[in-house]
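Visitor: Quick one: the structure is below, and I'll ask about it shortly.
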Protein chains: 2
Amino acid sequence: MRQYETFELAIPGPVLSDHWAQADVQAAFTHGDTTVTVPGFYAGDGMYKIRFLPMEPGEYTWQVSGTVSAEGQEICVPATTHGPVHTQGRGFVYADGTPYHPFGTTIYALAHQPAELIDRTMETLSKAPFNKVRMCVYPKDYDFNKNEPPYYAFEKSEDGTWDTSRPCFAFWDAFEENLHRLDAMGIQVDLILFHPYDRWGFDGMGHDKDLVYLDYLTRRLAAFPNLWWSLANEHELTHRTMEEWYDIEQFVADHDPYGHPLSCHNIFNVWDANRPNTTHASIQSKDLTQLNRWITRFSGKPVIIDECAYEGNIEPFWGSITGQEMVRRFWMCVSQGVYCTHGETFYSDDDVLWWAKGGVLHGESPERIAFCRKIIESLPGQLEGTASFLQPALKLRDMDAAQREAALSQLPEMLRRLLLALIASPDAESFANSEIGWYGHIGTDVYLRFHSDRPIARDSIELPEDKTYTIRVLDTWNMTDEVVATGVSGKYTVPLPCRENMAVLAIAE
Amino acid sequence: MRQYETFELAIPGPVLSDHWAQADVQAAFTHGDTTVTVPGFYAGDGMYKIRFLPMEPGEYTWQVSGTVSAEGQEICVPATTHGPVHTQGRGFVYADGTPYHPFGTTIYALAHQPAELIDRTMETLSKAPFNKVRMCVYPKDYDFNKNEPPYYAFEKSEDGTWDTSRPCFAFWDAFEENLHRLDAMGIQVDLILFHPYDRWGFDGMGHDKDLVYLDYLTRRLAAFPNLWWSLANEHELTHRTMEEWYDIEQFVADHDPYGHPLSCHNIFNVWDANRPNTTHASIQSKDLTQLNRWITRFSGKPVIIDECAYEGNIEPFWGSITGQEMVRRFWMCVSQGVYCTHGETFYSDDDVLWWAKGGVLHGESPERIAFCRKIIESLPGQLEGTASFLQPALKLRDMDAAQREAALSQLPEMLRRLLLALIASPDAESFANSEIGWYGHIGTDVYLRFHSDRPIARDSIELPEDKTYTIRVLDTWNMTDEVVATGVSGKYTVPLPCRENMAVLAIAE
């Protein structure tokens, strides 16, 4: 047993010919004064397994009960890994306190591809900058996602419907192999539990069967250290009511003893990430001018733009942004302390598009995303920003006349008139969100100013007078990082090369 | 006297030493059964002038009355020009019925520059693609706009305030020379009557003086054929109430016998272009993802995005879009039957920025805007589009359950669910506006599909079966225009080169 790694007990017992999804088996793990009881699962061939994720080193005793019983003890040796990820404020950390900055990618149907394609995907991921993968449990039926998977999650009933009480062991064993391989590369799995793109009947089994599926799934997978729960891809398009979604959310939270990150992804109706069991916002939003909306709405939790469109050349507008635009979207997000997720959709002779099936990467963005990740991981904390110069001014709308007068009294006359014009506008939200500056900061220690596609000749910054700063100019596309000044305080003008994709980074010395 | 050209009567009379802004002089012009009476103005040195813009050829008699009197007759010869512009539906036409598509630029303080700089500006304009210029009557005080003008619109009172009753003749004579020179090049003048960027006191003279100024101005300028009224640049930032603005609007409309185009430009509070005296929307909107907002709000009138940010390299985000982005914004607009206005803001050693003062153009966009203009002018009508795939679906929100069911009943199940998800979203407007397609059409005669920065490999189009079409592929940046197919009906896939800035144009044969 090792801290932060899945510990598995496998105990032989009676062969089950039916109803094995919810086998009667559990184990109590005791460490010092604390006992955690976790359910086990039937793994086929008369084998019962219980998986546990020990969070502390030291001595554990365990006791299995139910259809099989056993007991024992283990010395849990200290971790050689960082452990599972959880949220902290608007960011994430590993269990050992190391910051984790998600730089994800999307391979929806990774698990439903032939073994050699999965191998190729893993090989690609081993060299890619991504430390999170969005992937589905169920197979996907959509453009470029038409292949029949080798296995299904369940056996079928005689009437042709899925018998969730009889999970398909071959499927789950193979599926888990992917999770292990990703974990070995330090990649978090943002596991999509439900999605609407279905021709097999997995979407629409009914709520009771959904819960049996989740019961078996959580028994098998909750103890994986690199697991995140994504309740759905585009939850609104599946056959479930919001009440069923909330029930699913509660069920998953109740059946996860470790508190893995939990989110739910939208098509148009952004899931309320302020719900207690939801740990962070996982948003589809292809228009980053709207970023301020999500930052302010979910100001207490991490925000990931998990779908911002994909680098590629296919016809749909969600699948044809340039590599430059993809990289910009990463920098737009990270400059505000928000995260972004990659995906790739280039036409391919073999019909293998990364976003669907994996394979190899063709785009120009991944190496630049690696550069972005390196910079962000080098910073001493979590950036914050509002994406909009004017968004804070919208608060003036909620003030009474006296409060407003007080708030405006110190401002120059023209700025005062400008803010009054803004709040008088029926389009105030739209204009406030549109006046964008991709400027973030970490207290007064770090200032990051991403200039996106603006080819400016200089950047006049104003730093606190009580610290000195090193100023670096980053070319986020050409991946250069140059110190242009040290010992800077107060006002300073940074010359820039009139190119797109530049950023200025000021770090307290 | 020539149709569509300013006819001027100059009649000597008493020298006025004071209060000459509202001289008592007018002329009645009679053509057939129609008599139009227009006010004249005092031009200094005892000279009284009356200007008239004849819209029909034939015989006119005229009769001057007031401080001076005279009468006579003229044969108005047929036009050699197209005449003044007016709106027609969502577009514009010249008086002779020729379509006019505005491709404007911005030179706010053109009239307040030294003569040699104005000459250089006119030389530049003579070779540029622009057929409209946004320019101010009053001088401008702003970044890059600091030079003292050679003249002011009025003489000063002894107390140092402006005496609007005594216009400065040298100013107005010089100012009009610019309008003549622009007219000779076929350039419309979108004349900005008021603006907030002032250090001289022209903004804040008070409403009564504003009206005296407008009275004199309309007497002198209303008969220019190439004149448009822009009540303001950023009306909300000046020292005027909305009631005063509405009064100004009425005054200008009442004092313009020719019905020149009339608009008012915003900072954040978009002027209601649906007002009867406002002929079109003149909008500042730097975020073209919001274009659908303005198209739908002002669906019965032309829309011009008169400020979409400027091509340049200066620090403010409104002055640092790339040439490519500027050209894209033109195509985004024109694809929807909307128009866009250029401006340029590059740092310059001589502190002459085009947007402020004129001079020469440095940017990459003008020649591409010329290409865009050539294409748009070649089309047989006014394009229309909504900029958003999903915007029409928002109407579902206003339907009752039965109507909605009827509207959705024929749709594929997934599309139906998608639209229901949209209208259930508190962010429906934002998402609908964000799902953008720059696709426009002229009935079933023309289909224009601008792909902006999406480097797609192909475009599958679906054309009516009852016509045949010629398909052209445009590279809007490299300015190529290639026929790729003729005789096409129904579904057709156009191969594209995976580059940005491509457009597909299908024209009925």
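The values are calculated or read from the model by the stated rules, or taken from the named source; none is laboratory data. A quick note: this is a predicted structure, and the numbers were derived from the prediction, not measured. When we count neighbours, we look across all protein chains shown, and the Cβ atoms used for this are built from the backbone with ideal geometry, even at glycine. Side chains included, ligands, DNA and RNA excluded: accessible areas come from the protein's heavy atoms. Shrake-Rupley method; radii C 1.70, N 1.55, O 1.52, S 1.80 Å.
Visitor: Those residues that are polar (S, T, N, Q) and open to solvent by 10 Å² or more (accessible area, probe 1.4 Å), I need them from region A:219-249; list them, please.
Guide: Of everything in region A:219-249, just one residue is polar (S, T, N, Q) and open to solvent by 10 Å² or more (accessible area, probe 1.4 Å), namely A:THR241.
Visitor: Would you pick out the residues in region B:265-285 that are closer than 22 Å to B:GLY337 by Cβ, open to solvent by less than 30 Å² (accessible area, probe 1.4 Å) and either part of a helix (DSSP H, G or I) or within 13 Å of chain A (Cβ to nearest Cβ) (or both)?
Guide: B:HIS265, B:ASN266, B:VAL270, B:TRP271, B:ALA281, B:ILE283, B:GLN284, B:SER285
Visitor: Could I ask something else about it? Which fully enclosed strands (runs of 3 or more DSSP E) of region B:460-509 have 3 or more residues being in the same structural domain as B:TRP331 (by TED's automatic domain parsing) and open to solvent by 60 Å² or more (accessible area, probe 1.4 Å)?
Guide: It comes to none.
Visitor: So A:THR289 ticks every box in (1) in contact with an Asp or Glu (Cβ under 6 Å, 6 or more places away or on another chain); (2) within 13 Å of another protein chain (Cβ to nearest Cβ); (3) within 16 Å of A:ASP247 (Cα to Cα); (4) not charged (D, E, K, R) but one. Which box is left unticked?
Guide: The number of the failed condition is (3).
Visitor: Show the residue pairs meeting these rules: Cβ distance below 8 Å; 6+ apart or different chains; first residue within region A:153-173 and among the polar types (S, T, N, Q); second residue open to solvent by 20 Å² or more (accessible area, probe 1.4 Å) and part of a helix (DSSP H, G or I).
Guide: A:THR164/A:LYS209; A:THR164/A:VAL212; A:SER165/A:VAL212
Visitor: Of all residues in region A:107-138, how many are surrounded by 22 or more Cβ atoms within 10 Å (Cβ to Cβ) and over 20 Å from the mean Cα position of the chain (by Cα)?
Guide: 2
For (1) touching a residue at least 60 places away in the same chain (Cβ under 8 Å); (2) in contact with a helix residue (DSSP H, G or I) (Cβ under 6 Å, 6 or more places away or on another chain); (3) hydrophobic (A, V, I, L, M, F, W, C); (4) facing another protein chain (nearest Cβ under 8 Å), each residue gets a yes or a no:
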| residue | (1), (2), (3), (4) |
| --- | --- |
| A:THR444 | yes, no, no, no |
| A:LEU463 | no, no, yes, no |
| A:ASP466 | no, no, no, no |
| A:TYR469 | no, no, no, no |
| A:VAL484 | no, no, yes, no |
| A:VAL488 | no, no, yes, no |
| A:LEU505 | yes, no, yes, no |
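Visitor: Here's something else I'd like to know. Just checking, which of B:ARG417, B:ARG368, B:ARG404, B:ARG328 is free of Cβ contacts under 8 Å to residues at least 24 places away in the same chain, basic (Lys, Arg) and open to solvent by less than 60 Å² (accessible area, probe 1.4 Å)?
Guide: Matching residue, one of B:ARG417, B:ARG368, B:ARG404, B:ARG328: B:ARG417.
Visitor: Regarding B:HIS260, is this residue out of contact with any helix residue (DSSP H, G or I) (no Cβ under 8 Å at 6 or more places or on another chain), over 30 Å from B:SER388 (Cα atoms) and within 14 Å of chain A (Cβ to nearest Cβ)?
Guide: The answer is no for B:HIS260.
Visitor: Can you tell me which residues in region B:141-156 are open to solvent by less than 40 Å² (accessible area, probe 1.4 Å) and among the hydrophobic types (A, V, I, L, M, F, W, C)?
Guide: Selection gives B:ALA153, B:PHE154.
Visitor: From the list A:VAL85, A:VAL64, A:VAL68, exactly one residue is under 30 Å from A:GLU367 (Cα atoms) and either crowded, with 20+ Cβ neighbours inside 10 Å or outside the structural domain of A:PRO150 (by TED's automatic domain parsing) (or both). Which is it?
Guide: Only one candidate passes the filter, namely A:VAL85.
Visitor: Across region A:303-325, which residue is most open to solvent (accessible area, probe 1.4 Å) among those that are of a type in the set (D, E, K, R) and within 11 Å of chain B (Cβ to nearest Cβ)?
Guide: A:GLU315
Visitor: Scan region B:17-47 for residues that are of a type in the set (A, V, I, L, M, F, W, C) and crowded, with 17+ Cβ neighbours inside 10 Å and jot them down.
Guide: Those that are of a type in the set (A, V, I, L, M, F, W, C) and crowded, with 17+ Cβ neighbours inside 10 Å: B:TRP20, B:ALA21, B:ALA23, B:VAL25, B:ALA27, B:PHE29, B:VAL36, B:VAL38, B:PHE41, B:ALA43.
Visitor: Right, something else. Provide a single number: the residues in region A:421-442 that are within 8 Å of chain B (Cβ to nearest Cβ) and either touching a residue at least 24 places away in the same chain (Cβ under 8 Å) or assigned to a loop (DSSP other than H, G, I, E, B) (or both).
Guide: 12
Visitor: Could you check region B:353-365 and list, in sequence order, the residues that are crowded, with 24+ Cβ neighbours inside 10 Å, touching a helix residue (DSSP H, G or I) at 6+ places or on another chain (Cβ under 7 Å) and under 14 Å from B:ILE321 (Cβ atoms)?
Guide: B:SER365
Visitor: Got a number for residues in region B:143-169 being of a type in the set (S, T, N, Q) and either in a strand (DSSP E or B) or within 30 Å of B:GLY319 (Cα to Cα) (or both)?
Guide: Total satisfying the criteria: 4.
Visitor: Among the residues of region B:315-323, is there at least one that is modelled with pLDDT of 95 or more and closer than 21 Å to B:GLN391 by Cβ?
Guide: no
Visitor: Does any residue of region A:364-379 turn out to be modelled with pLDDT of 95 or more, within 18 Å of A:ASN147 (Cβ to Cβ), assigned by TED's automatic domain parsing to the domain that holds A:GLN284 and part of a loop (DSSP other than H, G, I, E, B)?
Guide: no
Visitor: Which residues, counting only those in region A:446-457, are of a type in the set (A, V, I, L, M) and more than 9 Å from chain B (Cβ to nearest Cβ)?
Guide: Within region A:446-457, A:VAL446, A:LEU448 qualify.
Visitor: Could you check B:ASP215 against (1) over 21 Å from A:LEU422 (Cα atoms); (2) in contact with a Ser or Thr (Cβ under 7 Å, 6 or more places away or on another chain) and say which number it fails?
Guide: Failed condition: (2).
Visitor: Let me ask something additional. Given the criterion in the same structural domain as B:ASP190 (by TED's automatic domain parsing), open to solvent by less than 30 Å² (accessible area, probe 1.4 Å) and not polar (S, T, N, Q), identify the matching residue among B:GLY300, B:GLY343.
Guide: B:GLY343
Visitor: Taking into account only those residues within region B:278-293 that are polar (S, T, N, Q) and within 19 Å of B:PHE92 (Cα to Cα), which is farthest from the chain's Cα centre (by Cα)?
Guide: B:THR278
Visitor: Go through (1) open to solvent by 40 Å² or more (accessible area, probe 1.4 Å); (2) within 22 Å of A:VAL270 (Cα to Cα) and name the single condition A:ASP159 misses.
Guide: The number of the failed condition is (2).
Visitor: Follow-up question, since we're still on this one. Does A:THR87 count as under 26 Å from A:ILE192 (Cβ atoms) and in contact with a His (Cβ under 6 Å, 6 or more places away or on another chain)?
Guide: It is true that A:THR87 is under 26 Å from A:ILE192 (Cβ atoms) and in contact with a His (Cβ under 6 Å, 6 or more places away or on another chain).
Visitor: Which residue out of B:LEU117, B:LEU182, B:LEU125, B:LEU191 is assigned by TED's automatic domain parsing to the domain that holds B:PHE224 and touching a Phe, Trp or Tyr at 6+ places or on another chain (Cβ under 7 Å)?
Guide: B:LEU191
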